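Have a look at the structure below before the remarks.
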Amino acid sequence: MNGLRWLVVFGVVAVSVGCGRVDEKKVYTIARDHVMQQVGEEAEVTTRKASRLAVNKNMARVDIDYRRGGSAPVEGYMTVWCKRVRMRWEFERATDSRSLGGE
């Protein structure tokens, strides 16, 4: 019986740790897709590990650096906010460094 308790505790811990990682991946994917849509599909963006993520229970913020070469080069960062609606993440708003008078 004692072994069964530890098995249940281990299962609960494994599920809760796994859910946190999935949230970061989904939030980053939403933010990256928005940046690519705004800057252009050929833009280079930072990876999930290099981006700055802050994921809370119902809100998340991602800072993604981007760069696009070509005839009209663009470089900057975009801050994307997401909100949790029921059990999924959705895009809420974004701020681009270019609109803030940055680079």
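The values are calculated or read from the model by the stated rules, or taken from the named source; none is laboratory data. Here the structure is a predicted model, which means the values were calculated and not measured. Neighbour counts are summed over all protein chains in view; Cβ atoms, including those assigned to glycine, are modelled from backbone coordinates with ideal geometry. Note: accessible area is taken over every heavy atom of the protein model, side chains too, but ligands, DNA and RNA are not part of it. Shrake-Rupley method; radii C 1.70, N 1.55, O 1.52, S 1.80 Å.
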| Which one is surrounded by the most Cβ atoms within 10 Å (Cβ to Cβ) among residues in region 70-89 that are in contact (Cβ under 8 Å) with a residue 12 or more places away in the chain and either acidic (Asp, Glu) or more than 15 Å from residue 58 (Cβ to Cβ) (or both)? | 80
| Residues of region 29-85 that turn out to be at pLDDT below 90 and of a type in the set (A, V, I, L, M, F, W, C), as a count | 4
| task | Looking for whichever is assigned to a strand (DSSP E or B), open to solvent by 60 Å² or more (accessible area, probe 1.4 Å) and farther than 15 Å from residue 25 by Cα here; the options are 92, 41. Which one fits? | result | 92
| Applying the selection to region 51-69, what residues are farther than 14 Å from residue 27 by Cα and open to solvent by less than 80 Å² (accessible area, probe 1.4 Å)? | 65, 66, 68, 69
